[in-house]
1. Kindly provide the helix-only [θ] at 222 nm of the chain, computed as the sum of -39,500 (n - 2.57) over DSSP H runs of four or more divided by all residues, to the nearest 500 deg cm²/dmol?
2. How would HIS356, HIS251 line up from fewest to most surrounding beta-carbon atoms within 10 angstrom?
3. For ASP45 and GLU145, compute 0.36 nm times the residue count separating them, minus their Cα-Cα distance, and round to one decimal in nm.
4. Rounded to the nearest 20 debye, what is the charge dipole size of segment 99-192 about its Cα centre when +1 sits on each Lys and Arg Cβ and -1 on each Asp and Glu Cβ?
5. Which percent of Cα pairs goes in each bin when the distances of the chain are cut into 10 angstrom slices starting at zero?
6. For segment 156-171 and segment 288-361, what is the centre-to-centre distance using only Cα atoms, to the nearest Å?
7. Pop the C-beta distance of ASP339 and ARG214 into the FRET formula with R0 = 22 Å and round what comes out to the nearest 0.05.
8. State, in angstrom, two size descriptors of segment 99-192 derived from its alpha carbons: Rg to one decimal place and Dmax to the nearest whole number.
Amino acid sequence: MNDRLADLVCIRCGRSYPVADHTAGCPRCLEQGTPANLRCRYDGDSIGELAVRGARTLGEGSTPLFPLPAELAPDGVAVWVKNESANPTGSHKDRFSRGAVGRAAAAGYESVVAASSGNAAVSLAAYAAAHGLGCDLAVTHDVPEPIAAAVRDTGGRLHLFDTAEQRWDFVREHDADPERLAVTNHARPVVGSSPFGIDSMRPIGWEIVEELGRIPEHVLLPTARGDLAFGVHLGLREMARRREQPGPRIHLVEPFPRLAAVLAGANVHDSFAGDATATPSIGGDSATVQALQVLEETGGTAIAIDDGVDQARIGLARNGILLEGASAIVLPALHAAYDRSRIAPGETAVLLATAHPFKGL
């Protein structure tokens, strides 16, 4: 582990813990019925530092940033695409896997265990194989066969269930095994995933600023439980502090109101019903403290998009940009934010494209 890593700190209550594996988040908040995740905290300037030094890499990171074609952007807004689908297994999950699986290897675990709807399964299996670790993945029966085949090719073990809740039960049960480390959420109410995995997504924020040459006014990204959102937020916040400038507003895009419902008065630990057929990678009925904190700290908005995802995906494809639905959702969200005057002419926005559409083929 990185000797600059000072401790883990609760994002809600601020309580500090020695570096260890608290897979259900802050123990104190959990006891109080208000579960929240932990984050990695460093001594001094943390840009360029990751919690796990020497973790195996498959070439993740340094993904392209390119301008969105002008015909797809709102008038007067400079829009850029940060293409995380260029990572080794085709999604931003590779950054997460480097940190989460790297932590498991550094701490001496023999295997990782996780629940996934697809992208994370392939990524975790690949990084576990690179580290020589076992990998047990809980998925639902509708997992596409190419994803299942890719996992099996790495030596990963698939466990099939009917519901997401059963997947989490499996992860929780196996987390009790001292030789296995749970790296995705298994708590209810939902907390989020491995702080070490989230920490390793901070470079997305660094790269956006370095590649753009400035801090953008807005960043839009798809979200479910907020792991990606919180990691990107931490990286952007570090860059803003170094430059002594305001950070961007981070807008979190969801397929139906979850965070939007919380901002309207619902409890963050409620369950929220809705349809994510076009965007299964960001489905689920939960919100999290970490996602809500991103909105509160950046002045961003929660944008629920329940229509137009297929049209956006095709429109992007007609310009050579091939994304899965859960990535393409940021394009209608961009226009919705513009129409609601949350993004203005003359400003710059970055869309985070999280995954390509090829895993289900």
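1. Computed mean residue ellipticity for the chain: -10000 deg cm²/dmol.
2. HIS356, HIS251
3. Contour length minus the Cα-Cα distance gives 31.6 nm.
4. Here segment 99-192 has a charge dipole of around 240 debye.
5. Bins of 10 Å from zero give 6, 27, 37, 24, 6, 0 percent of pairs.
6. A separation of 29 Å, based on Cα centres.
7. With R0 = 22 Å, the Cβ-Cβ based efficiency is 0.30.
8. Values for segment 99-192 (Cα only, Rg and Dmax): 12.1, 34 Å.
None of the figures in this text is laboratory data; all of them are computed from the coordinates on show. Just so we're clear, the structure is a prediction, and the values are computed from it rather than from any experiment. So basically every Cβ, Gly included, is an ideal-geometry build from the backbone, and we count neighbours across all protein chains shown.
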